[in-house]
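Report on one structure; see the data block that follows.
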């Protein structure tokens, strides 16, 4: 039983650590969606993101290079990926904590 | 092993292969146990593994035909570049799989990470890994050609190092994995190959293996190796 418990503990520690790493990575990578506004016939690019209840728009320019658009797309994809993995890790952590709380047979 | 871990591992291997560097890496650790099924081709062989870490052994000096940033190669799968310990060993961590690179330790050894600029990573140097580099096999798995230590080398290597483990869990895992592979070698009539690899080892290492096996009452294996 000790071996299984040690394995579960190790898995729990790993899961918590990687979850924190994902959270850190989320903080570092720019969030939001790239949107194009049409104002008086001209197109302008903005990065839209939510801050609490408000949606903020950060002006990015009239024209964006392909590289810049690609970079923002990649960043968005990564943020979604990290959020999904954090969600899965939350479930795993909950499950492992529950398993570790269980009583051992005498 | 979870299905997600398995498919993620294969995807990583596929990308390394496409980037042209898989041929220069050796998959070691528990994942070799899984891939040995393609070598043994036996229904009785259990491929069960309990780890999500995949270790790649890099022969030194590294001779890669291409320069590849490994982290950039797998970043979009959700891997993070993490730094382990005070020395800053790089690990590529994911919720379902952790990738680590290792190199053999030579001479007096060092506690500094070994830099592999061709892959934009570093790796800890560990003892006895040269023995695995000298005895490798290649298998075909899911359309990939993967280099592994010979199963006999894998088992013998574990029989040396399990005593050096400080964590009981890793110590037990080493023994369990080594015995599983060794018994399959016997079932697959690979005793002569196993003995050849054992006899190629340094006498001091052979002595260590025999004494370690004695400490866990594996007298049958001692007899097979001594024949």
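For the pair residue A:67 and residue A:33, label points projected 7 Å from Cα toward Cβ lie 2.7 nm apart. With each label modelled as a point 7 angstrom along the Cα→C-beta vector, the residue A:80-residue A:97 pair spans 2.9 nm. Using just the C-alpha positions of chain A as equal point scatterers, what log10 of I(q)/I(0) does the Debye formula give at each q in 0.17 1/Å? Summing over Cα pairs of chain A leads to -0.86.
You can think of it this way: the chain between residue B:69 and residue B:2 has 21.4 nm of extra reach, that is 0.36 nm per residue less the Cα-Cα gap. Taking segment B:199-223 and a reference point 7 angstrom along Cα→Cβ of residue B:163, the backbone N atoms nearer than 17 Å belong to B:201-223. Using only alpha-carbon positions in segment B:128-184, the gyration tensor eigenvalues give semi-axes of 23, 13, 10 Å once each is multiplied by 5 and square-rooted (largest first).
The helix-based estimate of mean residue ellipticity at 222 nm for chain A, built from -39,500 (n - 2.57) per DSSP H run of four or more residues and divided by its residue count, is -21500 deg cm²/dmol to the nearest 500.
Compared with the dominant principal axis of the Cα atoms in chain B, helix B:151-161 is inclined by about 90°. Taking one quarter of the surface of the convex hull spanned by the alpha-carbon atoms of chain B gives a direction-averaged projected area of 12.4 nm². Based on the Cβ-Cβ distance from residue A:87 to residue A:43, what FRET efficiency comes out when R0 is 25 Å, to the nearest 0.05? Efficiency at R0 = 25 Å is approximately 0.10. Computed over chain B with a Gaussian network model linking Cα atoms closer than 10 Å, the most mobile of B:76, B:24, B:174 is B:76.
Comparing B:113, B:151, B:61 in a Gaussian network model of chain B, where Cα atoms under 10 Å apart are tied by springs, the biggest mean-square fluctuation is seen for B:61. Computed from the alpha carbon positions, the gyration tensor of the protein assembly as shown leads to an equivalent ellipsoid with semi-axes of 44, 24, 17 Å, biggest first.
For segment B:21-68, evaluate the Debye formula with one uniform point scatterer on each Cα (no solvent term) and list log10 I(q)/I(0) at q = 0.18, 0.21, 0.30 Å⁻¹, rounded to two decimals. Log-scaled intensity ratios, in q order: -0.66, -0.79, -1.09. Pairwise alpha-carbon distances in segment B:151-227 exceed 14 Å for 58% of all pairs. The C-alpha atoms of chain B define a longest principal axis, and helix B:191-200 lies at about 80 degrees to it.
Readers should treat all values here as calculations from the given coordinates under stated rules, not as data from a laboratory. All values derive from a computational prediction rather than experimental measurement. Note: ideal-geometry Cβ built from the backbone for every residue, glycine included; neighbour counts use all protein chains shown.
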